[in-house]
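**Q** Submitted below is the structure of interest, expressed as structure tokens.
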Amino acid sequence: MTAPALGEPLLSVSGMVKHFPITRGILFRSRIGEVKAVDGVDFVLHKGETLGIVGESGCGKSTLAKLLMRLEEATAGTAVYDGRDIVAAKGGELRRLRREVQMVMQDPYTSLNPRMTVGDIIAEPLIIHGVGGDRDARVRELLDLVGLNPEHINRYPHQFSGGQRQRVGIARALALNPEIIICDEPVSALDVSIQAQVINLLEKLQAELGLSYIFIAHDLSVVRHICDRVAVMYLGRIVEIGSEDEIYQRATHPYTQALLSAVPVPDPDAREHRNVIRLTGDVPSPANPPSGCRFRTRCWKATDLCAQEDPPLIPREADPHPSACHFAAQAEHIID
Amino acid sequence: MGKHSTDQSVIEKASAPGPDDGGGHLLEVRDLFVEFRTGEGVAKVINGVSYHLDAGETLAVLGESGSGKSVTAQAIMGILDSPPGFVTGGQILYKGRDLLTASENERRAVRGKEIAMIFQDALSALNPVFTVGWQISETLRKREGLSKKDALDKAVELMDLVKIPAARERLKAYPHQFSGGMRQRVMIAMSLAQQPKVVIADEPTTALDVTVQAQIMDLLADLRRELNTAMILITHDLGVVADVADRIAVMYAGRIIEHAEVHALYKSPAHPYTLGLLNSIPRLDDKGKTLRTIPGLPPNLTRIPAGCPFNPRCRYVRDVCRTDVPPSVSLGEGRDAACHFAREVLAGTLEPTRKDPEL
């Protein structure tokens, strides 16, 4: 499979950092440390592509999404969309930028206000951004677009199933005709048969509306299906980024290899031949990440060099896609 | 994982006894019915579930939310919330003895000692105000009558068994001081305290990351081999099932709609629901294509459709499916499927009556 031609760069993120302070005391708060949730992330999102961001819980992928939505203020870094920096934007400019970048949340049960009808929920962004015209007609159109019955406009979220609620969340994100949609674990809370319905919907919308997605998920088979490029995060950093093929077939970072090998394959015949790389231990605390390479405490290749020198995310000899490992090498046959 | 060939022979032998001979299996659920009486009507949660388990084997119970897979386990353990839950029919035979008619004292003797359970969410299943050591040793003190010190020593052994590092030092730690994977190990240690013959694991890795999930599934497989424990693995993850199970029972709307040996089921499902589930997993050769989906939603259990409960979503639906509940058909080699056209689905000769669903 050859890498598909990439579109125009749409969003360039560079040096994104978010440190949450750890404080002690109530009246006299003193800062005793910081959780380095996102610690220097760079990537480019191209027009019409789906960029997957995968990693274990606590690696900072959801914080990254919030930074791009300006739901959290970044400690440092820039995210340039259309010549304007989302991180530094204020007032009217920020408001205009927010119309272009929308988000679909993980949990369809808590991300919809139970006291509002789905019509009001989907119309809310239109009201906030002062979009005139026939809002009712627009909401009906959106409901139809996401495969819900437009006549259900006056129903409440509890009258819908999980998959249908996620469709409401998607309709809300589409209301302002955004360019980019950030999907934070959009299908993790759904059953397998419903998951496939929502994934198909997201792909259909992308083809029809020319959307670009940042798709955050921990399910690697879903990411593989929907994404053009994939970034693997570990402890606040991207450790490897490349096309779907480069990551799934020719990964050079040991963490990516371990992550891929651990995915259960839905084929009982594969269990005898699978070569699972067993990582020991847990992810270190982001408040106190290891020196040098952050993965070295769980890595079987680690040497003194890894403790001293932080490996940069650059193209490696083993395969010409960026990988943050001093000893980047392809593993033989991780998964079929 | 390897070394499953030895388990295969166990299944062959164990499935030999006839259906009337209850003594053949370690644990057998026969025609179980459970309903939940709620303000909105009676939800028929379990509608005639039968399955069996033999020593040392792993049975996976697969189903989506609301299919009744956890409720069956709760009925076996005798921890069903009642009200609203009521067992309205059937038998649960453990070593030939019906647990449903047993006295509460007899059930207590089985619970934990013979059949133990690992719960899904270790953070809410563990008590946050007691230390881990105290919680693991509790059963040993209360049920085995060990002294506090002996029970704690045994707890350290159990923690070593489930590979919790520095067990002795961590006896005094509280659940919140453990990571998700370590908490799940504590749960496993607790369930093994009295060396049960059967362990029911209810979605043991659902809340965990893949690398930790692999560690826990390995641990369960090792323990099963070492202690020869039989396991019922309740899950919705088709990948996990393929990795560890010997047999699978697929549940839908409170019924087992297909039951087969794991290799046979993945190779060629005999029920349209199983087929739909397997098709809806993203695979490599699907890249860029639309995923095959199962249209619609699982039924509301207070209003289960007439005939086959899957008929409103089935691609192969025929008139008979809307009127008659399909009986479980035996397809040979220990395989059953509750579909009027199971043989045709298995052979792949049945023509769909509905087109692929729209988005």
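Each value in this text was obtained by applying a stated rule to the coordinates, not by laboratory testing. Computed from a prediction, not measured in an experiment: that's the story for all the values here. Here Cβ is always computed from backbone atoms with ideal geometry, including for glycine, and neighbour counts include all displayed protein chains.
**Q** Here are some pairs, A:Lys61/B:Lys267; A:Lys61/A:Lys204; A:Lys18/B:Lys289; A:Lys66/A:Lys301; which of them have Cα atoms lying more than 28 Å apart in this structure?
**A** Numbers: A:Lys61/B:Lys267 36 Å; A:Lys61/A:Lys204 25 Å; A:Lys18/B:Lys289 37 Å; A:Lys66/A:Lys301 34 Å.
Cα-Cα > 28 Å for A:Lys61/B:Lys267; A:Lys18/B:Lys289; A:Lys66/A:Lys301; rest within.
**Q** How many nm is it between the label spots at A:Val44 and B:Gln195, if each spot is 7 Å from the Cα in line with the beta carbon?
**A** Each label point lies 7 Å from its Cα, and together they span 6.5 nm.
**Q** Given N residues in the stretch A:105-164, what is its alpha carbon radius of gyration divided by 2.2 N^0.38 Å?
**A** Working: Rg = 11.4 Å, N = 60, 2.2 N^0.38 = 10.4 Å.
For the stretch A:105-164, the normalised Cα radius of gyration is 1.09.
**Q** Here's another thing I want to ask about it. Calculate for chain B the 222 nm mean residue ellipticity that helices alone would give, adding -39,500 (n - 2.57) per DSSP H run of length 4 or more and normalising by residue count, nearest 500 deg cm²/dmol.
**A** Numbers: 14 runs with 124 residues, N = 359.
Taking each H run of at least 4 residues, the total per residue is -9500 deg cm²/dmol.
**Q** Please compute, for peptide A:56-67, the average count of beta-carbon atoms on other protein chains lying within 10 Å of each residue's beta-carbon.
**A** Working: counts 6, 6, 3, 1, 0, 0, 0, 0, 0, 0, 0, 0.
Average neighbour count from other chains, rounded to a whole number: 1.
**Q** Considering the Cα trace of chain A, what is its radius of gyration and what is Dmax, both in angstroms?
**A** 21.0, 65
**Q** Please label the shape of the stretch A:188-276 as rounded, prolate or oblate, based on the square roots a ≥ b ≥ c of the eigenvalues of the alpha-carbon gyration tensor (a/c under 1.5 means rounded; beyond that, a/b larger than b/c means prolate, else oblate). Please report the intermediate quantities before stating the final value.
**A** Working: a/c = 2.07, a/b = 1.27, b/c = 1.63.
In terms of gyration-tensor shape, oblate.
**Q** Let me ask something additional. Where both residues lie in the protein assembly as shown, what percent of DSSP beta bridges are antiparallel, nearest 5? Write out the running numbers ahead of the final one.
**A** Numbers: 60 of 96 bridges.
Bridges in the protein assembly as shown that DSSP calls antiparallel: roughly 60 percent.
**Q** Could I ask something else about it? Averaging over all projection directions, find the projected area of the Cα convex hull of chain B and quote it in nm² with one decimal place. Can you show the working numbers first?
**A** Values: hull surface 78.7 nm².
In nm², the orientation-averaged hull projection of chain B is 19.7.
**Q** Continuing with the same structure: How do the peptides A:191-197, A:230-236 rank, highest first, by the average count of neighbouring beta carbon atoms within 10 Å per residue? Intermediate values should be presented prior to the final figure.
**A** Numbers: A:191-197: 23.6, A:230-236: 25.4.
Averaged packing, sorted descending, gives the order A:230-236, A:191-197.
**Q** Using a 4.7 Å Cβ cut-off, which Cys residues in chain A lack a partner cysteine?
**A** So, A:Cys59, A:Cys183, A:Cys227, A:Cys299, A:Cys325.
**Q** Which net charge results for the neighbourhood of A:Ile180, defined as the other residues with beta-carbon distances under 10 angstrom from its beta-carbon, given Lys and Arg at +1 and Asp and Glu at -1?
**A** On the way: positive: A:Lys47; negative: A:Glu100, A:Glu179.
It works out to a net charge of -1.
**Q** Grab the DSSP H runs of chain A that are 4 residues or longer, score each as -39,500 (n - 2.57), total them, divide by all residues and round the 222 nm result to the nearest 500 deg cm²/dmol.
**A** Working: 10 runs with 98 residues, N = 336.
Taking each H run of at least 4 residues, the total per residue is -8500 deg cm²/dmol.
**Q** List, in order, the whole-Hz ³J(HN,Hα) value for each residue of the stretch B:195-201 obtained from phi through the Karplus relation with A = 6.51, B = -1.76, C = 1.60 and θ = phi - 60°; use x for Gly and Pro.
**A** With the stated coefficients, the stretch B:195-201 comes to 6, x, 7, 10, 10, 9, 9 Hz.
**Q** Measure nothing fancy, just the Cα-based angle from helix B:148-161's long axis to the longest principal axis of chain B, in degrees from 0 to 90, nearest 10.
**A** 50 degrees
**Q** What is the sum of charges around B:Ile257, taking Lys and Arg as +1, Asp and Glu as -1, for the other residues whose C-beta is under 14 Å from the C-beta of B:Ile257? Please report the intermediate quantities before stating the final value.
**A** On the way: positive: B:Lys69, B:Arg255, B:Arg313, B:Arg335; negative: B:Glu64, B:Glu258, B:Asp336.
Its environment carries a net charge of +1.
**Q** Here is a further query. For helix B:210-227, report the angle its Cα long axis makes with the longest principal axis of the Cα atoms of chain B; keep it between 0 and 90° and round to the nearest 10°.
**A** 70 degrees
**Q** If you don't mind, there's one more thing I want to ask. Just order B:163-171, A:36-44, B:270-278, B:150-158 by mean Cβ neighbour count inside 10 Å, highest at the front, would you?
**A** On the way: B:163-171: 15.3, A:36-44: 21.2, B:270-278: 24.9, B:150-158: 19.2.
Packing proxy ranking, top to bottom: B:270-278, A:36-44, B:150-158, B:163-171.
**Q** Where in chain A are the DSSP H helices whose alpha-carbon span along the long axis reaches 20 Å or more and whose Kyte-Doolittle mean is at least 0.0?
**A** Qualifying helices: A:192-209.
**Q** Shielding of A:267-277 by partners, i.e. mean partner chain Cβ atoms within 10 Å per residue? The partial results should precede the final answer.
**A** Numbers: counts 10, 15, 5, 5, 9, 5, 1, 3, 0, 7, 2.
The per-residue average across the peptide is 6.
**Q** In the stretch A:70-93, whose amide N lies under 17 Å from the spot 7 Å out along Cα-to-Cβ of A:Arg29? List them in ranges.
**A** Output list for this probe position: A:72-75.
**Q** While we're looking at this one, here's another question. Report the FRET efficiency, 1/(1 + (r/R0)^6), for A:Asp144 and B:Ser65, where r is their Cβ-Cβ distance and R0 is 25 Å, rounded to 0.05. Working shown, then result.
**A** Numbers: r = 27 Å, r/R0 = 1.10.
Computed FRET efficiency for A:Asp144 and B:Ser65: 0.35.
**Q** Summing Lys, Arg as +1 and Asp, Glu as -1, what charge do residues with Cβ under 12 Å from the Cβ of B:Gly112 carry, B:Gly112 excluded?
**A** Details: positive: B:Arg107, B:Arg108, B:Arg111, B:Lys113, B:Lys142, B:Arg143, B:Lys197; negative: B:Glu114, B:Glu138, B:Glu144.
Here the count lands on +4.
**Q** Just to check, using Stokes-Einstein with a Kirkwood Rh over alpha carbon pairs, what's the diffusion coefficient of the protein assembly as shown at 25 °C and 0.890 mPa s in µm²/s? Walk me through the intermediate numbers first.
**A** Values: Rh = 27.3 Å.
Translational D for this selection: 90 µm²/s.
**Q** In straight Cα distance, which lysines are under 30 Å from B:Lys113, not counting same-chain residues fewer than 8 positions off?
**A** Candidates past the 8-residue exclusion: B:Lys3, B:Lys13, B:Lys69, B:Lys95, B:Lys142, B:Lys148, B:Lys149, B:Lys154, B:Lys163, B:Lys172, B:Lys197.
**Q** Right, something else. I want to check the label-to-label distance for A:Arg115 and B:Glu104. Put each point 7 Å from Cα in the C-beta direction and report it in nm to one decimal.
**A** In this crude spin-label approximation the distance works out to 4.3 nm.
**Q** Could you tell me the distance between the Cα centroids of the stretch B:267-322 and the stretch A:272-335, to the nearest Å?
**A** One Cα centre to the other: 41 Å.
**Q** Quantify how strongly other chains surround peptide A:219-225 by giving the mean number of their Cβ atoms within 10 Å of each of its Cβ atoms.
**A** On the way: counts 4, 2, 6, 3, 1, 5, 9.
That works out to 4 on average.
**Q** So, one more: Taking every pair of Cα atoms in the stretch A:273-336, average 1/r, invert it to obtain the Kirkwood radius, and report Rg/Rh to two decimals.
**A** Details: Rg = 13.2 Å, Rh = 13.3 Å.
Across the stretch A:273-336, the Cα-based Rg/Rh ratio is 0.99.
**Q** Now for a different question. Classify the stretch B:56-197 as rounded, prolate or oblate, taking a ≥ b ≥ c as the square roots of the eigenvalues of its Cα gyration tensor: rounded when a/c is under 1.5, otherwise prolate if a/b is larger than b/c and oblate if not. Don't jump to the answer; show the numbers that get you there.
**A** Values: a/c = 2.10, a/b = 1.57, b/c = 1.34.
Taking the square roots of the gyration eigenvalues as a ≥ b ≥ c, the stretch B:56-197 is prolate.
**Q** Okay, next question. With point charges of +1 on the Cβ of Lys and Arg and -1 on the Cβ of Asp and Glu, referenced to the Cα centre of the stretch B:77-174, which listed residue (B:Ala116, B:Gln91, B:Leu171) lies farthest in the positive direction of the dipole?
**A** B:Leu171
**Q** Hey, with R₀ at 30 Å, roughly what FRET efficiency would B:Asp218 and B:Ala347 work out to, going by the Cβ-Cβ distance, to 0.05?
**A** Details: r = 37 Å, r/R0 = 1.24.
Here the calculated transfer efficiency is 0.20.
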